[in-house]
Amino acid sequence: MYMETKSFNIELGVGVGLFKFGMSREALRQKAGEPDEIEKNDDELDDEGHIEVWHYDDYDLSVEFIEGNDWHLSTIAVNSENCFLGDVCLIGKNMSEVTSFIEATKLGEYEMEKLDLDDHHEVVLVSVFDAGLNLWFEAGVLTEIQLAPTD
């Protein structure tokens, strides 16, 4: 029922470990148990309706359910150094290492955007649209991988 090992893999367009895109909230509860926290957004997201974000602290992972997607798992955000894309853990690597990985594995073209979030660290978002990836860098180091299904 629960992940037996601490490490888990990203499957582009599919999910991360037992967290799969398109899962219902009930199916995820059966597989992963109750989340440590549920954030409910009462503001509507454009035409998509409301959002719920479930946090699983043991996995360093959050998932998002969107009302406009019939409350199915729509987005996954990972912060874990035990999460691998292929055989590589990208969390904690610098931007040069990550962009070299993107190019070497032919994940697709990427766009880079510096964001002004009023933080003390520079935040850069690298998006690989063909792979459904948003890579968040703080102070030049990858801190979060956001995944979406690829259609």
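Only one entry of Ala104, Ala77, Ala139 meets the criterion of being within 17 Å of Val14 (Cα to Cα) and among the aliphatic types (A, V, I, L, M), and that entry is Ala77.
Would you check which residues across region 71-117 are of a type in the set (Val, Ile, Thr) and crowded, with 16+ Cβ neighbours inside 10 Å and list them? Across region 71-117, the qualifying residues are Thr75, Ile76, Val78, Ile91, Val98, Thr99, Ile102. Report yes if some residue within region 63-75 is of a type outside the set (Lys, Arg) and in contact (Cβ under 8 Å) with a residue 60 or more places away in the chain; otherwise report no. Yes, region 63-75 contains at least one residue that is of a type outside the set (Lys, Arg) and in contact (Cβ under 8 Å) with a residue 60 or more places away in the chain.
Here region 15-33 is the region considered, the condition is being assigned to a helix (DSSP H, G or I) and either among the basic types (Lys, Arg) or in contact with a Cys (Cβ under 7 Å, 6 or more places away or on another chain) (or both), and the residue that is nearest to Glu67 (Cα to Cα) is Arg25. Only residues that are in a helix (DSSP H, G or I) and modelled with pLDDT of 95 or more were counted across region 60-81, and they come to 0. On the basis of being within 17 Å of Ser127 (Cβ to Cβ), in contact (Cβ under 8 Å) with a residue 12 or more places away in the chain and within 15 Å of the chain's Cα centre (by Cα), does Val78 make the cut? For Val78, the condition - within 17 Å of Ser127 (Cβ to Cβ), in contact (Cβ under 8 Å) with a residue 12 or more places away in the chain and within 15 Å of the chain's Cα centre (by Cα) - is met.
The set of residues in region 82-100 that are assigned to a helix (DSSP H, G or I) and among the polar types (S, T, N, Q) comprises Ser96, Thr99, Ser100. Of the residues making up region 34-56, those that are outside any strand (DSSP E or B) and modelled with pLDDT of 95 or more are Glu34, Pro35, Asp36. Screening Leu117 with (1) free of Cβ contacts under 8 Å to residues at least 60 places away in the same chain; (2) in a strand (DSSP E or B); (3) among the hydrophobic types (A, V, I, L, M, F, W, C) gives one miss only, at (2).
The values are calculated or read from the model by the stated rules, or taken from the named source; none is laboratory data. No experiment lies behind these values; they were computed from the predicted model shown. Glycine gets a Cβ as well: all are built from the backbone with ideal geometry, and neighbour counts include every protein chain shown.
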